[in-house]
Structures are given as C-alpha cells and as structure tokens.
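Each remark here refers to the structure printed beneath this line.
The values are calculated or read from the model by the stated rules, or taken from the named source; none is laboratory data. Since we're looking at a predicted model, the values are computed, not measured. Here the Cβ positions follow ideal geometry from the backbone for every residue, glycine too, while neighbour counts run over all protein chains shown. The accessibility values were calculated without ligands, DNA or RNA, using every heavy atom of the protein model including side chains. Shrake-Rupley method; radii C 1.70, N 1.55, O 1.52, S 1.80 Å.
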Amino acid sequence: MQDLHAKMLGAVLGGEGLRGVAELAAVEAGGPVAIRLPGRGLDVLWPAEGVGGAETQVEVPILAGDEQIGSVCVLASGNGVPEVDREEVARAAALAAVAEIAVVDARDEVEHDLRASLIEDLRAGEAEGAIGRAARLGCDLGRGALAVAAEIRSQKPRGAAALIETEWKGSLAELIDDRVYAVLPARGGDDAPERSLAEARRLVARLRTHGPAAVSSFYADPAELHQAVREAELVLEVVRRDDRLAEQIEAGAGDGVYRLLFRALISDPDEVRSFYEDTVAPLVEYDRQYRSELLSTLEAYLAHDCNMNATARAIFAHRHTVAYRLERVRELSGLDPSSSTDRERIGLGIKAFRIFAPTLPK
C-alpha cells in the first residue's frame, strides 16, 4: 500500500487531480471507484462508463479534521473480488483526495493573492507590468479592456466575483473588503470597444442584484488600465448615492458627456471642479443655505426644452415662481438659461455637480 500511496500522491502533485487518484484506486481494487465531494461539486468516477447501477461494496469517508466532506466508494464489478484489501485502497484514495484539496486550495490562494495584488496596484495608479502579470493569470489585455467596480450588499459576496469570471472568459475578478473589482479584456474584432462595452453593461445589470455596480469606458491602451479602474470607482461613488444616474452614465447619455467628465476628472480633477464652481456652484450653495429649489427648477426647465408652462407643471409650481427662480439663476451664476450657449455650459456644470455631489458639504 505504501507504493499505492506514493503513486496517488504523485498523481496529485503531477496535476492529474482526483481523476488520476480514482484511476489508480480502480486498478488496484479491481473495480470502479467513485470519489465524491458534494461541498465542492465534485463527483469523479473511474471508469466513467459501463458501471450504471453498480452497488457500493466499500465506502470510506473523506475527512477534513473531524468533519466528513465526502467519500470514496469502491463499486461492485463482474471481475470477481481481487486479493486486495479494498477498504485500504479506498482509505488511501481518501487521503490522496485530502491532499488534492490542499493543493487546489493553495493554488487558489496564490492566484487570489496575485489577482488582488494586481488590482490593488491598478487602484493605486500603477500599471507597469500589468499586461504580463494579467497574462500569467489567463487575462489577455493586448487589445484593451474595461474595469468594473461593484459594492456587494448581498449575503453571497464571492458569488459576484464568480458571476463575472463565469460570464466573461479571461476576466480577473477579486473581492476586496465589501467590493468586487474586475478587469474585463476586450471582446470582438474590429468592433471590440462597442461590443465589449455593450456586453459589460449587461453584466453590470446582473451584478446589481448584489448591490450598486459600475463599468468604465473602454481603454484601448493597457498602459491606461489604472485609469479604467479609477473611472469605475468614480462612477460607482456616484451611482451608489443616486441610482437614477446609473442608466444615463452607462448608456452614454448626452453624447457620453458623463464619460468625458469622468475621464477628465482622473487626469485633471482641478479643471473639472473649476468648471463646476464657475457654473452651478453658486446655485448649489444658495439651495443649501436657504433650502430653495433653484437647481432642481433649472434642471426641469432644461429637461422640458425651456418651456415655462411645462416646467411649472412638472415641479407643481406657478409659472411666475419658475420665472422668479430662473431670474435668481441668472443673478447668481451669470448664466442665462434661455441662451443656447449658456445652456450648454449649465448642462455640463450640472453633470459635474452630480459627480462632485458626494464630496460636497451637506
């Protein structure tokens, strides 16, 4: 049996897994062998065919400490009973199965650490060597990628990471604290940016069953992948506080203005903040100080094509109230909502405000 132990351990270390262990046990026992680990979704049978309905002659538990996590079964065969202790064979296979679990867990832990390290470096703005490191983990970034960030509020946080890696072949997903971060390599050929972003939006929609989730825009240059991760984080910060904006941002509403602002925010946050302060910041401060509704009235006015009556109906206010508030907007901001040029600046300013809102005083 010592020789059998050694062969089974060799099969485990050689990467043959439970299938190799079951095959060695079946040869030694002279009959089919099944190794069952229901907690891991594993049920290995050797040989895999021709044993339907065979009854179990020997069953030995697979133990992890004092807990039974599975079993090894030697099944009846038509070859007669060999001159061997089948229970001892099953016991050797059970020990080898425990060794296989330890090897797999150790390998998974190493991969987990490598994935987490790569994603943490990207979050910190370090993208050097990312292509090679990702490739060693089975993720090809050569044609570009997107990033996903999701806040997990469900009872199965690892289920979100598993969903991403199952749905997106070659992706890297890792649970860090209460968030899942993922890198999604490009899909498609010449239409890779469009196809990848469309499929990523569908994936994010499924992730929202676990909590708020966001996806970056497509980055063709892997050297900018750290910016993709940062963009996904920024979008998540916005949508987790105002989920009404999620569809607008991810659908690229307003010719992708939100996306442009997020990317600008990564490279030059002071410039974006300055634009916000030069447009609607005085309105935000006035509303905060006097509990007024200048900004919401302005948004409704723009949304209803600058129609005073439609705006009044939408906000349940008198037309004169709308006119008074718009005049206050002109006085405070120096911008005229009835001017097409100023409306463009105001629209951008409002979007910048939505991005900065989580960081502003209440």
**Report entry** Extreme residue, surrounded by the fewest Cβ atoms within 10 Å (Cβ to Cβ), among residues of the range 167-225 that are among the charged types (D, E, K, R) and farther than 30 Å from residue 155 by Cα
**Finding:** 190
Query raised in the report: Hey, any hits in the range 310-330 for a residue that's in contact with a helix residue (DSSP H, G or I) (Cβ under 9 Å, 6 or more places away or on another chain), closer than 24 Å to residue 261 by Cα and not in a helix (DSSP H, G or I)?
Result: no
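Is one or more of the residues making up the range 350-361 among the basic types (Lys, Arg), open to solvent by less than 80 Å² (accessible area, probe 1.4 Å) and touching a Gly at 6+ places or on another chain (Cβ under 8 Å)?
Yes: the range 350-361 contains one or more residues that are among the basic types (Lys, Arg), open to solvent by less than 80 Å² (accessible area, probe 1.4 Å) and touching a Gly at 6+ places or on another chain (Cβ under 8 Å).
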Report summary line: Those residues of the range 6-36 that are open to solvent by 70 Å² or more (accessible area, probe 1.4 Å), of a type outside the set (D, E, K, R) and under 15 Å from residue 95 (Cβ atoms) come to a total of 2
Requested in this report: Report, ordered by the first and then the second residue, all pairs with beta carbons closer than 8 Å, sequence separation of six or more or different chains, a first member in the range 299-317 that is among the aromatic types (Phe, Trp, Tyr), and a second member that is in a helix (DSSP H, G or I).
Outcome: 301/308; 301/311; 301/322; 301/326
Report task. Among residues belonging to the range 106-140 that are outside any helix (DSSP H, G or I), surrounded by 12 or more Cβ atoms within 10 Å (Cβ to Cβ) and small (Gly, Ala, Ser), point out the one that is farthest from the chain's Cα centre (by Cα). Result -> 127
Query raised in the report: Taking the range 163-180 only, how many residues are under 18 Å from residue 118 (Cα atoms), in a helix (DSSP H, G or I) and not acidic (Asp, Glu)?
Result: 1
Query raised in the report: Scanning the range 37-72 for residues that are over 39 Å from the mean Cα position of the chain (by Cα) and either open to solvent by less than 50 Å² (accessible area, probe 1.4 Å) or on the phi > 0 side of the Ramachandran plot (or both), which turns out modelled with the highest pLDDT?
Result: 60
Report summary line: Note on the range 268-286: residues open to solvent by 30 Å² or more (accessible area, probe 1.4 Å), in a helix (DSSP H, G or I) and either of a type outside the set (A, V, I, L, M, F, W, C) or over 17 Å from residue 336 (Cα atoms) (or both) are 269, 270, 271, 273, 274, 277, 282, 285, 286
Query raised in the report: Do you know which of the residues in the range 272-308 that are within 13 Å of residue 348 (Cα to Cα) and of a type in the set (Ser, Thr, Tyr) is modelled with the highest pLDDT?
Result: 279
Requested in this report: Give the range 318-342 a look and list any residue that's β-branched (Val, Ile, Thr) and open to solvent by 40 Å² or more (accessible area, probe 1.4 Å), or say none.
Outcome: 321, 341
